[in-house]
Every structure is written in C-alpha cells, then in structure tokens.
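Remarks on the structure that follows.
The values are calculated or read from the model by the stated rules, or taken from the named source; none is laboratory data. All values derive from a computational prediction rather than experimental measurement. For neighbour counting, all protein chains shown are included, and Cβ atoms are generated from backbone atoms with ideal geometry for every residue, glycine included.
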Amino acid sequence: MLRRVKQGCRVSISNYHQKRTLVNVKLKWVKDSVLDSVVAGGRQLKAGTALVSIIASQSTSGLPIYHLQSKHGQLGLPHDLKVSTFLRRYPNIFQEFFCLDSAGTPVPWFKLTPEALEFHHEQVNVLRQCSTDIVNRLRKLLMMTNERMLPLQTIDQLKWDLGLPHDFASSLIIKYPNLFNLVDLTDGRLGLKLLAWDRKLAVSHLEANSTKENGALMFPIGFTRGFGLKRKCMKWLEEWQKMPYTSPYVDASNLDPRTDVSEKRIVGVFHELLHLTLQKKTERSNVSNLRKPLELPQKFTKVFERHPGIFYISMKGDTQTIVLREAYDRNQLIEKHPLVHIREKFANMMKQGFLDRSRGLYRDTNQGPEEGSLTSSFLDETCGTRFLSDIGSESDMRLEAK
C-alpha cells in the first residue's frame, strides 16, 4: 500500500509482493493505418508553427533566410530539406521578398501573410487562456522526476507535445517565479526546477478516471483489427493487469526492475506522460533522456512493444511515434484541447497553400528560384510499410522467466 510523507516530498512505497515474470510471451507489431493517419504530416505542422512563432517574434518586417536556416535543427525537418524550400511550399503563410546585402546582392527574406498573422494572434490568445493548464502539465512532468528537475534541453524536446510556447523559457516560466527556478546543472547545461509540490496534482490520469477491479487498477486495452492475441498471451496480460499499480508520482526506487510490478510502473509512467501531451502522442526519441530522471531501468522503452494494446508505434515520417490508443476513436482525439483545434486550423491552412501553389495559383508572386521539387509530404507523409526490424532484439518482446 502507499504511504504519504510530508508535503513537498515524493511518496514512498512500502514493500510490495513483487511477483516475477513466470511466462514467456512474444507479441508482434501490426500496422494500424488509422492511427498512422494521426501521425502523418505532424512534422510539417510542427515546423510551420515554429517558423510562424519565430518570424512573429521579430520587431522587423521579416527575417532573412540565413537566419531562418540557422534554426533548421530546432524544426525537426529532414536534413536534406532546406528551410527556404519548406517556406516556399506555403505562400499563403510565408511571403517572400528580397533585400540587398552590404555587397548589393539580393537576399531572400520571409514575412508572415495577413492570414498567418491572424492565426498567430489567435494562437497567442488561446495560449494565454490556457496558461494555467499548460503550466500544470509542466509541473506534473517535473513532479514525476526524482529531483523535480529536468534540463531545459529535455523539456525543449517535449514542448510541442506539452503545448508550451516556442520560447517558453523566456516567455512563460519567468511569469511563475514561485513555481520554477532556472538552475545550473553539473554538466554545464541549464535546468528547470520545480519549487513547490502540489499534492492535488500528484494524481495520475488512471487513478482519477479508472475504477478498480478486484482492488487493482487496470489500463484500458485495445488492439489493431486482426491482431490475434494468443491464449497464452491473454492469460499473461490478465495476470499482469492484476499487479499492483504504482503511481508515477511516488518514489519507486525500491522496486525490483525484473518484476511485473516494476514493468507495470513503467507502463504507468508513459501512460501518464502521454496523457500530459495535447495529442496523446510523442516521438520515441523524445523520451530517450528521461531514464534517470524518471528512475527507469535500462531498455525501458521495450514496454512500448510489449504492450501494443496500450501503445501503438507508428512508423510514419521516418521516425517512431508512440500513440496512446485509448485517447483515440479511430483517428479522432476523444478529448481535444483548445490548442489542438488551433493546430488543426493551421494544418488546413498549410494544406490549402500547398495545393494552391501546386496548381500554379502563386506562380506570379515575387518568389525566388525553386530549390528542389515539391513533394506531397504534408498531404501524405509516408515511409512505406515496414516492421520494427530496426529495433533489434527488443522487437521480440520477450518477458524472461525469473
């Protein structure tokens, strides 16, 4: 059972009966086209929104391409895609013009169209209205860590998923000096530390929204059509669901990482993390730096393959994206955050601008030379059908008997 300690500290866990894994199971990855469609186009949407924020933050009427190109690494675009090529795909959002440099050479500049400026102001208003909710998501993330602290670099990887503004370090956390503090880390990086523990926030989504069955909290389970779960796996899953649930907001340092109880705690951590995201998904690479702060064992991401009824791994966009199954009714989010509505509106703007330009409607505008052919990556971003062969031995998803 759980025992609470003084306010401001994480909760300790008394000695659970930690049942070791008794059954070997092997679960396969099955493609889910419906959930793949949830991921398609996400990288373009993220990059487009970030570029709007970057350009809008300047007091000048625009920015030169060399300044925007320097942001390439922050945008998540493919390495072989120039920022200028990306910007020219959406002339209804980014308007190109030319200014002479000191040598008299015309240099491409980009500014926002009136339609894009209107979107930006609408997004800022929604962010302002939802600031408390967004800040609480960040607080809960920090409360899940063992020291209530994360490097800014790690948070930066998750800022899009959490709904944080592009410049959150300078525009948001500075407004809450009673909650956050910037600290120098031993490795020379800057970190964000949470100053106040809130016991009301230290309740996971599963605890708040699920009912116990025979005294155990169970995760909602669903599989891709045609998955075909074997009887042996069904029995293991039923027994695993009955294991004690460990809240991601408690100190789990005394759990044996080789047990089902520990694995259920790891699943609970990522179940909660995905619920903190606006669209209940994140790229697998975004959680690679969370192992130590979240007190996770080596190869902790194996739980994504071992529990395909909870998590779906999409291979869209030449990356792996983890999607929380229960959050979607086919390809529609069951609960949409106001920022998700804004993003959907902007996605439609990008799609319309891409189509109009492909039809030649912007052929006569003042644009620079084309840098590479246009592709349909925003309309249907694919990387082919493949299995998780690049995961290596982890794809076997075996639970070894102890």
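For this structure, a couple of remarks:
- Figure legend. Inter-residue proximity from the range 327-344: first residues exposed (fewer than 10 other Cβ atoms within 10 Å of the Cβ), second residues part of a strand (DSSP E or B), beta-carbon distance below 7 Å, spacing 6+ or different chains. Indicated pairs: Ile334/Tyr328.
- Among (1) modelled with pLDDT of 95 or more; (2) closer than 26 Å to Val34 by Cβ; (3) in contact with a strand residue (DSSP E or B) (Cβ under 9 Å, 6 or more places away or on another chain), the one test that His205 misses: (3)
- Where a residue in the range 138-166 is at positive phi and its partner, wherever it lies, is part of a strand (DSSP E or B), with Cβ under 9 Å and at least six apart: Arg148/Lys193; Arg148/Leu194
- Qualifying residue in the range 29-37 (condition: hydrophobic (A, V, I, L, M, F, W, C), touching a helix residue (DSSP H, G or I) at 6+ places or on another chain (Cβ under 7 Å) and at pLDDT below 90): yes
- Which listed residue is crowded, with 16+ Cβ neighbours inside 10 Å and within 30 Å of Pro151 (Cβ to Cβ), from Ala208, Ala196, Ala202: Ala202
- Only one entry in Val303, Val287, Val323 is outside the structural domain of Met143 (by TED's automatic domain parsing), more than 20 Å from Leu162 (Cα to Cα), in contact with a Phe, Trp or Tyr (Cβ under 8 Å, 6 or more places away or on another chain) and buried (at least 20 other Cβ atoms within 10 Å of the Cβ), namely Val303.
- Taking the range 118-140 as the range and being among the acidic types (Asp, Glu) and over 17 Å from the mean Cα position of the chain (by Cα) as the test, the residues that pass are Glu118, Glu122.
- Among all residues of the range 240-248, there is none that is exposed (fewer than 12 other Cβ atoms within 10 Å of the Cβ), part of a loop (DSSP other than H, G, I, E, B) and either modelled with pLDDT under 95 or acidic (Asp, Glu) (or both).
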